[in-house]
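The values are calculated or read from the model by the stated rules, or taken from the named source; none is laboratory data. Just so we're clear, the structure is a prediction, and the values are computed from it rather than from any experiment. In this analysis, Cβ positions are derived from the backbone assuming ideal geometry, glycine residues included, and neighbour counts consider all displayed protein chains. These area figures cover heavy atoms from the full protein model, side chains too; ligands, DNA and RNA do not enter into them. Shrake-Rupley method; radii C 1.70, N 1.55, O 1.52, S 1.80 Å.
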Amino acid sequence: HRWSNVHPFLMRHGVCMDGMESHQRDLALAVIRESLSQPGFETVRNSMKLNGATGEMLGSEEEYGEWLFWLSVMGKPSLDAPWGWQLDGHHMIINCFVLGNQVVMTPMFMGSEPVKVNTGKFAGTRAYDAEVQGALKLGQSLDKAQRSKAILGTDLPPDVFTSAYRDNFEMKYEGIKFDDLSSSQQELTMDLAYTYIGRMRPDYAGMKMEEVKKYLKDTHFAWIGGTKDDDVFYYRIHSPVVLIEF
């Protein structure tokens, strides 16, 4: 329950990576790297760098920085007892729970503003292309009848519905059902879901995807906003075993 995706140092706990020695920071990153896939780890690092770029652009590096992220270890790392770790910071929250060979990595919140920079120390850094392009490909493939089911409206919510401090929020199933999509659209939906689930290590991501596939009849895809390349939009994939919001 103790996490926040906003930039003020609200409820931060654990050790701030900004204050670590270089070898400690390397070890902290190693914990994260070992828990995630290569694309997942790259998304984390690029998001951290983009947070640094925000501080550089705003001249406020005490508020926004590449290393202003806090790492906590909960319990004692063990082969058979429960333990976990948490990475917490601006636009970044990863909760990783471990029990033997079981891993649960939720809630997870990743984001960036901006998503790419062309100047400064972090020039060339970008993130979230797959999350945007994969969704647009699916959204633009919907025909008129499908759009009438999938698109909930044009007025975007101010944030995802299940961000921090929304404990016990009741998310109703809305949008188009998986069975009402064509086979190619269903494949696009699964590819999009894996963009998020695939942030975990491949072995655990594969197990989670198998669970997701057991509930396809109860899976819904919903969209708010436009579907043109330069439109702003919100979407979600929702079933009894997964909730993805963008």
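Between Q102 and R126, what is the spin-label point distance in nm, taking each point 7 Å from the Cα along the Cα→C-beta axis?
4.1 nm
Ordering Y235, Y165 by how much accessible area each has at a 1.4 Å probe, largest first, what is the list?
Result of the area sort, largest leading: Y165, Y235.
Hey, what angle do you get for helix 129-141 against the long axis of the chain, alpha-carbon based, 0 to 90 degrees rounded to 10?
10 degrees
Give the carbon-plus-sulfur fraction of the accessible surface of the stretch 143-246 in %, rounded to a whole number; probe 1.4 Å, heavy atoms of protein chains only.
50 percent
Ignoring ligands, DNA and RNA, please state the percent of accessible area on the stretch 23-106 from carbon and sulfur, probe 1.4 Å.
Roughly 55 percent of what the probe reaches on the stretch 23-106 is carbon or sulfur.
Just one of [x] 16.9, 61; [y] 18.6, 57; [z] 20.0, 63 is Rg and Dmax of the Cα atoms in Å as worked out from the coordinates here. Which one is it?
The value matching this structure is [y].
Figure the gain on full extension for L156 and E42 (residue separation times 0.36 nm, minus the Cα-Cα span) and round it to one decimal in nm.
38.2 nm
Mind ranking D80, D203 by accessible surface for me, highest first, 1.4 Å probe?
The residues order as D80, D203, largest area first.
Taking the solvent-accessible surface of protein heavy atoms with a 1.4 Å probe, what is the per residue accessible area of the chain in Å²?
54 Å²
Stretched out fully, how many nm does the piece from K76 to S183 gain, at 0.36 nm a residue minus the Cα gap?
Going from the current span to full extension adds 34.0 nm.
Quick check for you: which residues of the stretch 49-68 have the amide N under 19 Å from the point 7 Å beyond the Cα of S22 toward its beta carbon?
49, 66-68
Tell me what the chain gives for mean residue ellipticity at 222 nm when only DSSP H runs of n ≥ 4 count, each as -39,500 (n - 2.57), the sum divided by the residue total, rounded to 500 deg cm²/dmol.
Dividing the helical sum by the residues of the chain leaves -10500 deg cm²/dmol.
Can you tell me the relative contact order of the stretch 140-246? Whole percent, Cα pairs under 8 Å, sequence separation 6 or more.
Computed over the stretch 140-246, the figure is 33 percent.
For the pairs K49/K177; K76/K172; K76/K121; K172/K228, note any where the Cα-Cα span goes beyond 32 Å.
K49/K177; K76/K172; K76/K121, as the Cα separations exceed 32 Å there.
Rounded to the nearest 0.05, what FRET efficiency do Q140 and T119 have when you use their Cβ-Cβ distance and R0 = 35 Å?
Once the sixth-power term is evaluated, E becomes 0.65.
Would you check the accessible area of H90, probe 1.4 Å, heavy atoms only, in square angstrom rounded to 10?
Per-residue accessible area (H90): approximately 30 Å².
Any idea of I197's accessible area? Nearest 10 Å², probe 1.4 Å.
The value for I197 is about 10 Å².
Using protein chains only and a probe of 1.4 angstrom, how many square angstrom of T154 are accessible, to the nearest 10?
Accessible surface of T154 is approximately 110 Å².
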